[in-house]
1. Of Glu101, Glu397, which has the most accessible area and how do the rest follow, probe 1.4 Å?
2. Compute the helix-to-body angle for 241-250: its Cα long axis versus the longest principal axis of the chain, expressed 0 to 90° and rounded to tens.
3. How much accessible surface area, in Å² rounded to 10, belongs to the heavy atoms of Ile411 with a 1.4 Å probe?
4. So what is the relative contact order for segment 346-398, in percent, with contacts set as C-alpha pairs under 8 Å and at least six apart?
5. Can you give the charge dipole size of the chain about its Cα centre, rounded to the nearest 20 debye, using +1 on the beta carbon of Lys and Arg and -1 on the beta carbon of Asp and Glu?
6. Per residue, how many Å² of accessible area does segment 233-365 show with a 1.4 Å probe?
7. Sorting Glu260, Glu191, Glu98 by accessible area (1.4 Å probe), largest first, what list results?
8. Which value, in Å² and to the nearest 10, is the accessible area of Val158 when all protein chains are kept and the probe is 1.4 Å?
Amino acid sequence: MLLLLTTLAPVLGGLAVGLVRPLSPRARRVGAVAVALLTALLSALLLWRGMPGYTLLAYGEGFSLSFALDGRGRTLLAVMAFLWPLSTLYATEYMVHEEREATFYMWFLLSYGVMIPFCCAGNLFTLYVLYEGITLATLPLVWHKKDHDSIRAARSYVRYSIGCAAFGFLAAVVLGTRGCGDFIPASHDFEDLSSGVLNALFLAAFFGFGVKAAVFPFSAWLPRAGAAPTPVTALLHAVAVVNAGIFAVQRVIYDVFGAERLAGGWGQQVALTAAALTIVFGAVMAVREHHVKRRLAYSTVSNLGYMLLGAALMTPAGELASSMHMVNHSLIKIVLFFCVGAVMVQTGRTQAAELRGLGRRMPATFAAFLTASLSLMGIPPLAGFNSKFALVTAAIEQGGPWALIGPGALILSAILTAVYTLTVAVPAFLAPEDGAPVSGDRLDPGWQMLLPIFAILAAMLAAGLWPGVLAAALRT
């Protein structure tokens, strides 16, 4: 009942905010924030009370809509509960400058309503259904502007998400017919499957669900999704949607097949190779990209590769490091996107070279950007260092060639991260101002943008200073 209430709150609230016409723009904004905050409080109650497993609908043996809340689901649900209200508050200032505010808030909240049961999916079939539901709920946000770039981005998003998810559907059907779709790998019998079939089935699920994690070579949709409004790019396509991909891959490896069955097989080697290529590809493309939002999107691709690499190591240390980086990256990247969105709203500038000198007129914004950049690079004692160190350690502990390849890809990416972040942050403070003239001595945005930026930044700093607390929470 509590899960249903928590899910219906953003769904019904979003419909009310978006469709009730007598509401003034201010009332819609207040209503959207109130709905997001109420949903977060209900999510916190759900996290505190827990939820026993139950089945909503059964379509036959192996195919049911079932829900339960375990440690993996708690992690993603907690991240959503913290970030969604703050992102909605940020949007109330950002979306003043955009059209169709009511439609935006409606789909933004509806997406929250789909993410909540996704976190609580009790088997692979339920996970797949809600995985596709996330695509459908977030698609209107990608094409929100209805210009050429956003429509192109939406088409790419659909092609990749639904097209590649067909492989995930194949795995869900095959495993469901065998009664192996529940998240209890020890109870699954794969003895009659050859090693080749087992690994092929795993890779179908890995790439099918991993497309939302922008796994190479299925990464092109994510930078294109930057055509959406910044609150969408920041929360959904840098945190929620991509984390859903990581979450699903972790489920497939650890909760469906079982890491011990897959470890050492050629399927694991393919998955590790794809993860390493994702890390390097995203970082290289970020260095080459001049549009700041797309640069950050390619950075997201690279960091998703970190999480995929940790998961594909198929060890307890790799699993923990993957989850740690998922949480840390969520905090870091949403701050970076929010800062860039503030610059776009206040100045209209979008190119990296145009941000030169703006740090003196937007000191709060660029101080946050610089701090988050250092964390993303992995500078101790910031949050990014802890999870990257955990990933390197996990790769070395596994031994074999990946004890060199994994850390090598991570170190190369860290160097490239310094290039594509510091070439924005440092000239913003030290170089003379460039770009089209913008009036005003101080250009930092209002409190609706700054409060979310610094609240999330504080959480990021706390995660860096007390990594043991986060690791202990992730182990439960």
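1. So, going from the largest accessible area down, we get Glu397, Glu101.
2. Taking Cα atoms only, the helix is inclined about 20 degrees.
3. Accessible surface of Ile411 is approximately 100 Å².
4. Contact order relative to length: 14 percent.
5. The dipole magnitude comes to about 1000 debye.
6. Ligands and nucleic acids excluded, the result is 21 Å² per residue.
7. Greatest to least solvent exposure: Glu191, Glu260, Glu98.
8. 50
The values are calculated or read from the model by the stated rules, or taken from the named source; none is laboratory data. Quick caveat: nothing in here was measured; it's all calculated off a predicted structure. No Cβ is skipped: glycine too gets one built from the backbone with ideal geometry, and neighbour counts run over all protein chains shown. Areas reflect the complete protein model, heavy atoms only, side chains present, ligands, DNA and RNA absent. Shrake-Rupley method; radii C 1.70, N 1.55, O 1.52, S 1.80 Å.
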